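Everything below concerns the one structure shown next.
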Amino acid sequence: MSDGAGKEIERLIELMSRLPGLGPRSARRAVLAMIQRRSMMLEPLAQALADVSATARECVECGNIGTSDVCAICADPRRDASLVCVVEDVSDLWAMERTAQFRGRYHVLGGVLSALDGTGPEELRLPRLVALAGAPEVREVILALGTTVDGQTTAHYIAEALAGCSVEVSSLAQGVPVGGELDYLDDGTISAALRARRVMG
């Protein structure tokens, strides 16, 4: 349905509405705000989009998204090459980096095993991970995958695939998040927290 705007504006609204977290209504508001602040928002955004479109690429080492063939993380000599954190997607890598707690390297799988979606081992970056785990400097592979059925299936598959490598395979602790209240948590989270309980003191 037309908003009464020109076809170019309608096209921009339609494209914006495809972004995660933005529906047609939110996209409409965002586009209107950008047009009304053209010099401050729309023109710089258009330039930034053009720049990213021309320079963004996948890191040949870990699968992160950056502006060079090797991302800033892989190129940083201060990172601990003995630790490799395996994540499902680039968004998970960026989430880990926001914590500033992990100083090792990453490996982006590009998804998880899913019979429903038809995603098998050949669709993921598993051969590269096995090769990486076999490198002499790598001593631990940390599986930072979701606690969904597919995520846990993938974690078990990777653990088995790396059984022949001389690396320790670990996974993130699961359970009650910091600041979480039991009443608001799902049963699976509470069960995982109970199983992962530790001695106090």
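Taking amide H positions as modeled 1.01 Å from N, with prolines and chain starts lacking one, the residues under 5 Å from S171 and 5 or more places away or on another chain are L143.
Here D183 sits with roughly 130 square angstrom of accessible surface, probe radius 1.4 Å.
Close amide H partners of C85, meaning residues 5 or more places away or on another chain with modelled amide H under 5 Å apart, are R105, Y106, H107, I142. Evaluating 6.51 cos²θ - 1.76 cosθ + 1.60 at θ = phi - 60° for every residue in segment 112-118, the Karplus couplings come out as 9, 5, 8, 5, 5, 8, x Hz, glycine and proline recorded as x. Relative to the longest principal axis of the Cα atoms of the chain, the long axis of helix 24-36 lies at roughly 60 degrees. What residue among L132, I73, A196 has its Cα farthest toward the positive end of the dipole of the chain, where the charges are +1 on Lys, Arg and -1 on Asp, Glu, each on the Cβ? Final value for the positive-end residue is I73.
Couplings 3J(HN,Hα) for segment 138-143, derived from phi with the Karplus relation 6.51 cos²θ - 1.76 cosθ + 1.60 (θ = phi - 60°), are 7, 10, 9, 10, 9, 8 Hz, where x marks Gly and Pro.
Specify which labelled value, from (1) 166; (2) 215; (3) 125, agrees with volume of the Cα convex hull per residue in Å³ derived from the coordinates of the model shown. Among (1) 166; (2) 215; (3) 125, the one derived from this structure is (2).
Against the chain, whose longest principal axis comes from its Cα atoms, helix 90-99 is set at around 80 degrees.
Taking 4.7 Å between beta carbons as the limit, the unpaired Cys residues of the chain are C62, C74, C85, C165. The largest accessible area among C71, C165 belongs to the first residue in C165, C71, and the rest follow in falling order (1.4 Å probe, all chains). Here's the picture: charge each Lys and Arg Cβ at +1 and each Asp and Glu Cβ at -1 in the chain, and of L32, S53, L22 the one pushed furthest to the positive end of that dipole is L32.
Test of the criteria: in segment 24-123, which trypsin sites (Lys or Arg not before Pro) are in a DSSP loop and have at most 16 other Cβ atoms within 10 angstrom of their Cβ? Answer in residue order: R37, R78, R79, R103. Calculate, for D186 and A100, the FRET efficiency according to 1/(1 + (r/R0)^6) with r their C-beta to C-beta distance and R0 22 Å; round to the nearest 0.05. So the FRET efficiency works out to roughly 0.20. Computed over segment 92-149, the P(r) tail beyond 19 angstrom holds 39 percent of alpha carbon pairs. Accessible-area rank, largest first, for Y157, Y184, Y106: Y184, Y157, Y106, with all protein chains present and a 1.4 angstrom probe.
Any chance you could give the angle, 0 to 90 degrees and rounded to 10, that helix 7-16 forms with the longest Cα principal axis of the chain? The angle comes out at about 20 degrees.
When E43, E10 are compared by accessible area at a 1.4 angstrom probe, the order from most to least is E43, E10. Of all DSSP-defined beta bridges confined to the chain, some 20% are antiparallel rather than parallel.
Think of each Lys and Arg Cβ as +1 and each Asp and Glu Cβ as -1; about the Cα centre, that makes the dipole of the chain roughly 560 debye. Under 5 Å from the amide H of T119 lie the amide H atoms of S114, each residue being 5 or more positions distant or on a separate chain, with H modelled from the backbone and absent for Pro and chain starts.
The values are calculated or read from the model by the stated rules, or taken from the named source; none is laboratory data. Here the structure is a predicted model, which is why all the values come from computation and not from measurement. A quick note on method: Cβ atoms are made from the backbone with ideal geometry, for glycine too, and the neighbour counts reach across all protein chains shown. Each accessible area value is taken on the protein alone, full model and side chains, heavy atoms only, with ligands, DNA and RNA left out. Shrake-Rupley method; radii C 1.70, N 1.55, O 1.52, S 1.80 Å.
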